[in-house]
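Data block below; observations after.
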Amino acid sequence: MEKVAIVTGAGSGIGRAVSVALLDAGWKVALGGRRAEALEETASLAAGESLVVPTDVADEAAVDDLFAATTSLFGRLDLLFNNAGSGARPVPIEDHALSDWKRVVDVNLTGAFLCTRAAFRLMKDQDPRGGRIINNGSIAAHAPRPLSIAYTATKSAMTGLTRATSLDGRAYDIACGQIDIGNAETPMTRAMGQGALQADGSVRPEPYLDVNHVAEAVLYMAGLPLEANVQFMTVMATKMPYIGRG
């Protein structure tokens, strides 16, 4: 049976790499993201069957439309990759604007919840029943970077979302795991190669991880039978300052 996936934040970076890997592996993939042109570009990079659905994951109606369009075309859903994410400007906590905080929470946490809720509604009632949800967490939840309170808080909350989803999904054959990624080379992280702020106040360049290795890791998690699950996986540049950071 052909497998069907939804990938959020599919227009660039990790979402694009994972989408292309899934398509190349024979999955049918619905590409969610805010920019239609970027999603179309992702679709053009692989020969598999894809569906472009411009989506703001913080918008409840838009999320519902994404899942409805997916099942209308493909008939079911086997995988949700909750990847869409956003950060805020690096500023001291006392200067952090409430509007920036709310924007990060809306995308990183509420968006993941809305997509998870929509996936549950489909997966628990489809035949065959069940499916898999993979959340894009972050090693920032374990070792925060300076001046990143909104991003760190939402990625810490993502771990709680993963645990609760994994527990509540047992009754419906819905598996949930999380991948925490360190310094995958994407447009969002490219500046780290020139210098990233460290806990001691210094600025030092950091090594990158090829984003395709992240895509391979997600593909492995997605390919497991539902009776097996990678609960948490960390994929990172070997020499990045994570172990022993600070």
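What follows draws every value from the coordinates through simple rules; no lab data is involved. Every value quoted in this text rests on a predicted model; they were computed, and no experiment measured them. Positions of Cβ are backbone-derived with ideal geometry, glycine not excepted, and every protein chain shown enters the neighbour counts.
Per-structure values
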quantity: Highest-fluctuation residue, Y220, Y208, Y151 considered, GNM on the chain with Cα pairs under 10 Å; calculated: Y220
quantity: Simple Cβ-charge dipole of the chain, Lys/Arg +1 and Asp/Glu -1, about Cα centre, in debye nearest 20; calculated: 480
quantity: Cα point-scatterer Debye curve for region 16-146, base-10 log of I(q)/I(0) at q = 0.09, 0.15, 0.17, 0.19 Å⁻¹; calculated: -0.30, -0.77, -0.95, -1.13
quantity: Dipole magnitude of region 51-163, debye to nearest 20 (Cβ charges: Lys/Arg +1, Asp/Glu -1, about Cα centre); calculated: 440
quantity: Chain lengthening between M1 and K102 when straightened (0.36 nm per residue, less Cα-Cα); calculated: 32.3 nm
quantity: Cα centroid separation, region 156-187 to region 86-132 (Å); calculated: 11
quantity: FRET E, pair R117, A199, Förster distance 45 Å, beta-carbon r, rounded to 0.05; calculated: 0.80
quantity: Value of relative contact order over the chain, rounded to a whole percent, pairs C-alpha under 8 Å and six or more apart; calculated: 18
quantity: Cα-based convex hull, the chain, per residue volume (Å³, whole number); calculated: 117
quantity: Within the chain, longest stretch free of exposed GluC sites (Glu not before Pro) [DSSP loop, at most 12 other beta carbons within 10 Å]; calculated: 3-226
quantity: D95-R170 FRET efficiency (beta carbon distance; Förster radius 51 Å; 0.05 resolution); calculated: 0.75
quantity: Dipole of region 20-83 [Lys/Arg +1, Asp/Glu -1 at C-beta], most positive-end residue of W27, N82, P54; calculated: W27
quantity: Length gained when the stretch A143-T71 is fully extended (0.36 nm per residue, less Cα-Cα span); calculated: 22.1 nm
quantity: Extension gain (nm, one decimal) between Q231 and A36, 0.36 nm per residue minus Cα-Cα; calculated: 67.0 nm
quantity: Under-29-angstrom lysine pairs by C-alpha in the chain, whenever the two are 8 or more apart or on separate chains; calculated: 8
quantity: Shape category assigned to region 1-40 from the gyration tensor of Cα positions, a/c cut at 1.5; calculated: prolate
